[in-house]
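The values are calculated or read from the model by the stated rules, or taken from the named source; none is laboratory data. Bear in mind that the values here come from a model prediction, so they are computed numbers and not experimental data. So basically every Cβ, Gly included, is an ideal-geometry build from the backbone, and we count neighbours across all protein chains shown.
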Amino acid sequence: SQQGEEDPQALSIQEGENATMNCSYKTSINNLQWYRQNSGRGLVHLILIRSNEREKHSGRLRVTLDTSKKSSSLLITASRAADTASYFCATDRNDKIIFGKGTRLHILP
Amino acid sequence: NAGVMQNPRHLVRRRGQEARLRCSPVKGHSHVYWYRQLPEEGLKFMVYLQKENIIDESGMPKERFSAEFPKEGPSILRIQQVVRGDSAAYFCASSPPGGPGEKLFFGSGTQLSVL
């Protein structure tokens, strides 16, 4: 079964705006990761946040983690056309990493 | 450094044939994961392997599917007697010896089409 659920399922914004995607999960975790997938390609790791961390930054990316609500958010600031992709959260569960269904982000010119 | 290499990139099989998907992890990585993805959907976990060991195969159908990661050579995902429902993209990922707590490095996937 899916561990993480992202919302929204799809998001279209104007270039330059900020994009926020959310992820909720069901069981306790050690860490949560976000990945990006361009159409027809493999996933690329973006950022990992551990369960004892609340916020993490990497370039234009900002990730938050609220373990009490079992949720995380990914913020992409000043979006660019190249950010058009699907974004997935992933959590570790027992001996495996489980992915959500993803948010499809489309940046409009 | 070479990343995760998957081959073939595209594989066409007729119903009833066998499909063999290969994955060479990043050099030095000892953990391999296989995932399946249908169009417009997320990645579904299939199996997690370490060298010569299957750690978790709970996501893999018990019939027709098998996976291995030998001491030497690539990891192989084998699907026997393929059916149309097996058509999907299959992704392999590897991680360093730290295991599931580390980030995954993905290959470009194998697109399996069953006619």
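Quick grid of which residues meet (1) among the hydrophobic types (A, V, I, L, M, F, W, C); (2) at pLDDT 95 or above; (3) under 20 Å from B:Gly28 (Cα atoms):
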{"site": "B:Val47", "(1), (2), (3)": "yes, yes, yes"}
{"site": "B:Gly59", "(1), (2), (3)": "no, no, no"}
{"site": "B:Arg64", "(1), (2), (3)": "no, yes, no"}
{"site": "B:Phe69", "(1), (2), (3)": "yes, yes, yes"}
{"site": "B:Pro74", "(1), (2), (3)": "no, yes, yes"}
{"site": "B:Gln81", "(1), (2), (3)": "no, yes, no"}
{"site": "B:Glu102", "(1), (2), (3)": "no, no, yes"}
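With respect to A:Asn38, is the statement that it is without any contact (Cβ under 8 Å) to a residue 60 or more places away in the chain, closer than 20 Å to A:Ala10 by Cα, within 14 Å of chain B (Cβ to nearest Cβ) and loosely packed, with under 15 Cβ neighbours inside 10 Å true?
Judged against the criteria, A:Asn38 is a match.
Need the failing condition index for A:Ala81 against (1) within 14 Å of another protein chain (Cβ to nearest Cβ); (2) surrounded by fewer than 20 Cβ atoms within 10 Å (Cβ to Cβ), just the number.
The number of the failed condition is (1).
Would you please name the residue that is nearest to A:Ala90 (Cα to Cα), looking only at residues in region B:1-45 that are among the basic types (Lys, Arg) and free of Cβ contacts under 8 Å to residues at least 40 places away in the same chain? Please lay out each step first, then the result.
Of region B:1-45, the ones among the basic types (Lys, Arg) are B:9, B:13-15, B:20, B:22, B:27, B:36, B:44.
When the remaining residues are screened for being free of Cβ contacts under 8 Å to residues at least 40 places away in the same chain, the result is B:27, B:44.
On the way: B:Lys27: 23, B:Lys44: 11 Å.
Only one residue fits best here, namely B:Lys44.
Within region B:8-51, track down each residue that is in a strand (DSSP E or B), away from every other protein chain (no Cβ under 13 Å) and more than 14 Å from B:Leu104 (Cα to Cα).
Within region B:8-51, B:Leu11, B:Val12, B:Arg13, B:Ala19, B:Arg20, B:Leu21, B:Arg22 qualify.
For region B:52-76, what are the residues that are outside any strand (DSSP E or B) and away from chain A (no Cβ under 13 Å)?
Matches in region B:52-76: B:Glu52, B:Pro61, B:Lys62, B:Glu63, B:Arg64, B:Phe69, B:Pro70, B:Lys71, B:Glu72, B:Gly73, B:Pro74.
With the requirement that a residue be among the basic types (Lys, Arg) and at pLDDT 95 or above, what does region A:35-68 give you? Steps first, answer last, please.
First pass over region A:35-68, keeping only residues among the basic types (Lys, Arg): A:36, A:41, A:50, A:54, A:56, A:60, A:62.
Residues satisfying the conditions are A:Arg36, A:Arg54, A:Lys56, A:Arg60, A:Arg62.
Restricting attention to region B:12-69, and to residues there that are closer than 20 Å to B:Leu112 by Cα and of a type in the set (S, T, N, Q), which single residue is farthest from the chain's Cα centre (by Cα)?
Among them, the one singled out is B:Gln17.
Evaluate the following for B:Pro25: is it closer than 30 Å to A:Cys23 by Cβ, surrounded by fewer than 19 Cβ atoms within 10 Å (Cβ to Cβ) and out of contact with any Lys or Arg (no Cβ under 6 Å at 6 or more places or on another chain)?
For B:Pro25, the condition - closer than 30 Å to A:Cys23 by Cβ, surrounded by fewer than 19 Cβ atoms within 10 Å (Cβ to Cβ) and out of contact with any Lys or Arg (no Cβ under 6 Å at 6 or more places or on another chain) - is not met.
Assuming A:Asn52 fulfils every condition listed in (1) outside any strand (DSSP E or B); (2) in contact with a strand residue (DSSP E or B) (Cβ under 7 Å, 6 or more places away or on another chain) apart from one, which condition is it?
Tallying (1) outside any strand (DSSP E or B); (2) in contact with a strand residue (DSSP E or B) (Cβ under 7 Å, 6 or more places away or on another chain), A:Asn52 fails exactly one: (2).
It is to be established whether one or more residues within region B:102-114 are more than 11 Å from chain A (Cβ to nearest Cβ), in contact (Cβ under 8 Å) with a residue 40 or more places away in the chain and crowded, with 18+ Cβ neighbours inside 10 Å. Let's see the steps before the verdict.
Going residue by residue through region B:102-114, those that are more than 11 Å from chain A (Cβ to nearest Cβ) are B:112-114.
So of that shortlist, the ones also in contact (Cβ under 8 Å) with a residue 40 or more places away in the chain come out as B:112-114.
Subset that is crowded, with 18+ Cβ neighbours inside 10 Å: B:112, B:114.
Among the residues of region B:102-114, at least one is more than 11 Å from chain A (Cβ to nearest Cβ), in contact (Cβ under 8 Å) with a residue 40 or more places away in the chain and crowded, with 18+ Cβ neighbours inside 10 Å, which makes the answer yes.
Quick one: which of A:Asn30, A:Asn22 is of a type outside the set (Asp, Glu), more than 27 Å from B:Gln6 (Cβ to Cβ) and within 13 Å of chain B (Cβ to nearest Cβ)? Don't jump to the end; show me each part of the working.
Numbers: A:Asn22 fails: within 13 Å of chain B (Cβ to nearest Cβ).
Criteria check complete, one pass: A:Asn30.
What tally of residues in region A:86-109 results from selecting those that are under 30 Å from B:Ile55 (Cβ atoms) and either over 11 Å from the mean Cα position of the chain (by Cα) or more than 14 Å from chain B (Cβ to nearest Cβ) (or both)? It would help to see each step written out before you state the result.
First pass over region A:86-109, keeping only residues under 30 Å from B:Ile55 (Cβ atoms): A:86-103.
Now narrow it down to the ones that are either over 11 Å from the mean Cα position of the chain (by Cα) or more than 14 Å from chain B (Cβ to nearest Cβ) (or both): A:92-98.
Of the residues in that region, 7 qualify.
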